[in-house]
1. Starting with the highest mean, order 233-241, 197-205, 34-42, 162-170 by the number of other Cβ atoms within 10 Å, averaged over the residues of each peptide.
2. Whole Å is fine, so just give me how far the alpha carbon centre of segment 160-193 lies from that of segment 233-267.
3. Starting from the Cα coordinates of segment 153-267, work out the convex hull volume and express it per residue in Å³.
4. Exposed loop chymotrypsin sites (Phe, Trp or Tyr not before Pro) only (DSSP loop, at most 14 other Cβ atoms within 10 Å): please give the longest stretch of the chain free of them, not including the sites.
5. Provide the per-residue ³J(HN,Hα) series for segment 14-27, in order, calculated from phi with Karplus coefficients 6.51, -1.76, 1.60 and θ = phi - 60°, each as a whole number of Hz, with x at glycine and proline positions.
6. Counting only residues 5 or more places away or on other chains, whose amide H sits under 5 Å from the amide H of residue 5 once H atoms are built in the peptide plane?
7. Give the Cα extents of the chain along the principal axes, in whole Å, largest first.
8. I'd like the Karplus ³J(HN,Hα) series for segment 142-147: coefficients 6.51, -1.76, 1.60, θ = phi - 60°, whole numbers in Hz, and an x wherever there's a Gly or Pro.
Amino acid sequence: MYAFEYHRPTSLRQAASLLTKSEDAKIIAGGHTLLPTMKQRLAAPGSLIDLSQIPELKGIERAARSITIGAMTRHADVANSADVREAIPALAEMAEMIGDPHVRHRGTVGGSIANNDPAADYPAACLALGATIITNQRKIPADEFFTGIFSTALEEGEIITKVVFPIPSKAAYAKFRNPASRYALVGVFVAKRAGEIRVAVTGAGSDGVFRVPAMEEALAKRFSPKSLEGITVPPDGLNSDIHADATYRAHLIGVMARRAVQAAANR
Ligand SMILES: Cc1cc2nc3c(=O)[nH]c(=O)nc-3n(C[C@H](O)[C@H](O)[C@H](O)COP(=O)(O)OP(=O)(O)OC[C@H]3O[C@@H](n4cnc5c(N)ncnc54)[C@H](O)[C@@H]3O)c2cc1C
């Protein structure tokens, strides 16, 4: 580690001001990604702005048609929320599959989305559910938010404050985990809403999370795992690494998609 300034604001306004005024500042949420990156000297911010003491960034609210989750809400709180479990059980189950208990009690929704790790789970949930990411400056639809691996539409100094998830009629998430890290080798989130079906894949794309229009069109005709038979995602452009090559990942997308549709159909 090396020297840096540490700030712990108690309001969003204060955080935004510190972020623009402090030299080379970076937000810290759960620190689960940022701190290891700093330890390895892959990042060296001059100041850290800790969002943990800002009450307005925490909590879960349920409305008739949506669930709103504050950026500093921990994965464990989403997994254990009675409102999320009732309204979008797939989202609670997804949160429960993240990492291990330590990761779930430190990692935050905002940190996960802002980081946009190509193997993270929340980007798939946001894209499939048609979520809206709210920042201290604007509202960004998930379709426009995830712009590539570790890359998002966030501007310099912009802070995610909450995420609004529309409540689907059916949804499910199926994940093939890396047994060591628990990140997704491939994860597929399927959501059915009035007039729309979305299939979002994480863990596989070399550009990060993506949708599979051929599967969405087939499921719109009939929402059944059988509708996905014969639909394949080509391995070109998928990740290959020591854990799985592109061909295996392409195969897993089909398997995970069918499992997710089956689980959603059973709800
Ligand atoms: C061992 C291990 C296993 C994991 N397994 C999984 C897994 O299975 N699935 C999964 O999805 N994730 C997994 N994670 C990631 C973890 O869940 C966290 O979500 C992730 O590390 C980022 O969240 P954080 O709150 O720790 O963010 P931080 O590390 O604090 O920040 C990450 C980045 O986001 C920025 N940021 C944070 N909050 C905001 C905000 N509100 N507005 C704008 N920018 C912001 C920071 O500046 C930084 O650049 C794992 C992590 C570890 C260490």
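1. Packing order, densest peptide first, comes out as 197-205, 162-170, 233-241, 34-42.
2. 13 Å
3. In segment 153-267, the Cα hull volume divided by residue count equals 138 Å³.
4. Segment 3-149 is the longest.
5. Going residue by residue, I get 4, 4, 4, 5, 4, 5, 7, 7, 6, 6, 6, 8, 9, 6 Hz, with x marking Gly and Pro.
6. Excluding prolines and chain starts, which carry no amide H, the hits are 47, 48.
7. Result, largest extent first: 56, 45, 31 Å.
8. Along segment 142-147, the couplings run 3, 4, 9, 7, 8, 10 Hz.
Bear in mind that the values in this text are calculations on the coordinates, not laboratory data. Since this is a predicted model, take the numbers as computed values, not measurements. Cβ: placed from backbone, ideal geometry, glycine included. Neighbour counts: every protein chain shown.
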